[in-house]
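Working notes, beginning with the structure itself.
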Amino acid sequence: MASIDVNGKQIEVDEEGYLSNLNDWEPAVAEVMAKAEDTELTDAHWDIINFLREYYEEYQIAPAVRVLTKAVGKRLGKDKGNSKYLYELFPYGPGKQACKYAGLPKPTGCV
Amino acid sequence: MADYEIPETREFPIIPTIMEGAMAHSSPFVADEEFQTALGFPYPTGKEKGELIDGWKQKFLDLLQDKLTKYRSVQVFMDICVKCGACTDKCHYFIGTGDPKNMPVARQDLLRKVYRRYFTFAGKYFPKLVGAIDLTEDVIREMYSYYHQCSECRRCAVFCPFGIDTAEVTMAARDLLAHIGLGQKYDNQIIAKVHSIGNNLGLPGPALADTLEGLEEEVEEDINVKVRYPLDEKGAEILLVAPSADFFVEPHVDGLIGYGKVFHAAGVTWTLSSVASEAANFGLFIGDYANMRKISLRVRDAAKELGVKRIIFGECGHAWRVAYNHLNTLAGPWDFLDPNYPVPQHILEFTKDCLDRGILNIDKSENDHMTLTFHDSCNIARASRIGEFPGSQFVTPREVIKAVCNNYHDMVEETIFDQTFCCGGGGGLLTDDLMEIRIKGAQPRLEALKNVSKDYGVTHMAAICAICKSQFTKILPYYGMTMDQIVSVHQLVSNAIILEGQGEESEDSDDTEAA
């Protein structure tokens, strides 16, 4: 099994870099993962990551794209409530990249 | 975007120079123990993931024997290929990679060579003379690689003078591999989620309800008409079985919004189901009948539980192939449904019928900012109809698009209808670990798209398959196009349809606000 080094602690991840155990997540995990992909996490990124984690807590799944854009639109203003804004933050796809940083499993299926 | 060598797109297609072993390194992740077990496949307990189970060789040969007996087609396809070469340059993965093992004849020969060695007289006694080889672990690894470079799209089968369905060979091979410990992670993980939760995404009922509620609000905000997206409503007339991607991503969700508007305008009652919240059936991709049946039976359970009279499938390619061809044998009989309607129906048949009867109010100019073309999805094009007559699977989608759009132009003839090119991500390959083959395999389709864009100003391509839509969303940017150039057919319907009360929106809302 692969692992990542978070402040000296080895945390297990799967072949694609997603956490093997969701309970291993802490903010530093997101920082380490983002750094490995040359992404600097700003407050805007954290807004999304935190929302993903809250939603997952309630529904055991990442939010659908329209649920996410709507929530972002409500919190940050209508001009940001669209997938273009999310792709600017997470160019590999908000579903996959943001879920990874948030410690959620990778969305599967025809997506 | 990761760094891949992107194939060139040209004015005319050119058969590539052969590049021996160009894709030999491509191999998807192997399924974990929990996903092998959930599907009834063995796992090499006590060994590393990806190793083979004890006694794998005998198991493989026994199962091959079983397939040859059970499926006459597999036996015939093993025997009758004469190596005429008609299929060699027809596969999008060969065209995009130049790897000769991606010529359909060569890919299928990986299994045929083993078949010959153990099941034919000549191969048993004179293996070298007939190109028969021993089954070794290297042979197995090669199969695992190249049988996951076939999207089971069956374009090669169109050109085979003997009608060999090479997709069926791929399915048989994948099933044999899964039974010796080499299941594919992406496919098996998804099927396990359907068995336990009800859909490919693993979207539980409450999340689905929340998502649909959000869509109702969104549509109402947009057009000021209350359009319903009901879930688990007993007594509804129609059960809609949509691919779960329709709930989750763009542009699929815009298609789902469109289905709801058409049902609303037609005045029928309908419902989605949290039990059968998936149209897709990946059991087909992995060639495993038991899993395919188990997935199909969820549709039956939901239809009975909800007491519906009709079943309609949403925009999902292979789902329609399974439903159209096999729903009756997998999950029938359907004698409890209304015999006045076919079981199942495609959403496009429903919409086309509403358009023909003139009950939809359409403003085509709403789509005037686009010039459309249509991508025939392989499983629909080469395995089904959408309508009554042969070829209706090509006609119906185009007629619906033309009924809601003013600007339409087809791609070049050799790349549409029954000769359509796969999107590059079908057949269970829509996973990031196969990104390179997905990009390269999309080359023929995107070459045709670029040319029709250049010559006729096409701006958008419409599709009726969740896999095609997701694949193009990811792949178009690699070819210098944008992700939003792929649209759902019912997204176009949704744009153009004017629902009752929609025209009065501004006055109404002003009044409400004033009040």
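Of all residue pairs spaced 6 or more apart or on separate chains, those with beta-carbon atoms under 6 Å, a first member in the stretch B:187-205 that is facing another protein chain (nearest Cβ under 10 Å) and a second member that is among the acidic types (Asp, Glu) and buried (at least 23 other Cβ atoms within 10 Å of the Cβ) are B:VAL194/B:GLU278; B:ASN199/B:GLU278; B:ASN200/B:GLU278. Out of all the residues in the stretch B:435-458, which are aliphatic (A, V, I, L, M), in a helix (DSSP H, G or I) and either under 16 Å from the mean Cα position of the chain (by Cα) or over 14 Å from B:HIS148 (Cβ atoms) (or both)? Within the stretch B:435-458, B:ILE439, B:LEU446, B:ALA448, B:LEU449, B:VAL452 qualify. If I filter the stretch B:63-83 for residues that are over 29 Å from B:LYS193 (Cβ atoms), of a type in the set (Phe, Trp, Tyr), crowded, with 19+ Cβ neighbours inside 10 Å and in contact (Cβ under 8 Å) with a residue 24 or more places away in the chain, do I get at least one hit? Yes - at least one qualifying residue is present in the stretch B:63-83.
Out of curiosity, is B:LEU111 within 29 Å of B:GLY425 (Cβ to Cβ), at pLDDT 95 or above and assigned to a helix (DSSP H, G or I)? Please lay out each step first, then the result.
On the way: within 29 Å of B:GLY425 (Cβ to Cβ): yes; at pLDDT 95 or above: yes; assigned to a helix (DSSP H, G or I): yes.
Answer is yes for this residue.
The listed residues are B:GLU142, B:GLU168, and the only one of them that is touching a residue at least 12 places away in the same chain (Cβ under 8 Å), under 20 Å from B:ARG438 (Cα atoms) and assigned by TED's automatic domain parsing to the domain that holds B:LYS57 turns out to be B:GLU142.
In this structure, is A:VAL32 touching a residue at least 24 places away in the same chain (Cβ under 8 Å), β-branched (Val, Ile, Thr) and within 10 Å of chain B (Cβ to nearest Cβ)?
Numbers: touching a residue at least 24 places away in the same chain (Cβ under 8 Å): yes; β-branched (Val, Ile, Thr): yes; within 10 Å of chain B (Cβ to nearest Cβ): no.
Answer is no for this residue.
For B:ALA132, indicate whether it is more than 14 Å from every other protein chain (Cβ to nearest Cβ) and assigned to a helix (DSSP H, G or I). No: the conditions fail for B:ALA132. A:ALA34 meets all of the listed conditions (1) closer than 15 Å to A:GLY93 by Cβ; (2) at pLDDT 95 or above; (3) outside any helix (DSSP H, G or I); (4) in contact with an Asp or Glu (Cβ under 8 Å, 6 or more places away or on another chain) but one, namely (3). Among the criteria (1) within 25 Å of B:TYR324 (Cα to Cα); (2) under 18 Å from the mean Cα position of the chain (by Cα), the one B:GLU250 does not fulfil is (1). Checking each residue in the stretch B:269-325 for being among the aliphatic types (A, V, I, L, M), closer than 17 Å to B:ALA167 by Cβ and part of a helix (DSSP H, G or I) picks out B:MET292, B:ALA319, B:VAL322.
Being within 30 Å of A:TYR92 (Cβ to Cβ), not small (Gly, Ala, Ser) and not in a loop (DSSP other than H, G, I, E, B) holds for only one residue in B:THR373, B:THR396, and it is B:THR373. For the stretch B:459-489, the set of residues classified as of a type in the set (A, V, I, L, M, F, W, C), within 14 Å of chain A (Cβ to nearest Cβ) and assigned to a helix (DSSP H, G or I) consists of B:ALA466, B:ILE467, B:CYS468, B:PHE472, B:ILE475, B:LEU476, B:MET483, listed by residue number. Specify which of the listed residues (B:VAL219, B:VAL227, B:VAL158, B:VAL169) is under 22 Å from B:TRP270 (Cβ atoms) and more than 14 Å from chain A (Cβ to nearest Cβ). Exactly one of B:VAL219, B:VAL227, B:VAL158, B:VAL169 is under 22 Å from B:TRP270 (Cβ atoms) and more than 14 Å from chain A (Cβ to nearest Cβ), namely B:VAL227.
The values are calculated or read from the model by the stated rules, or taken from the named source; none is laboratory data. Since we're looking at a predicted model, the values are computed, not measured. We place every Cβ from the backbone using ideal geometry, glycine too, and count neighbours over all the protein chains shown.
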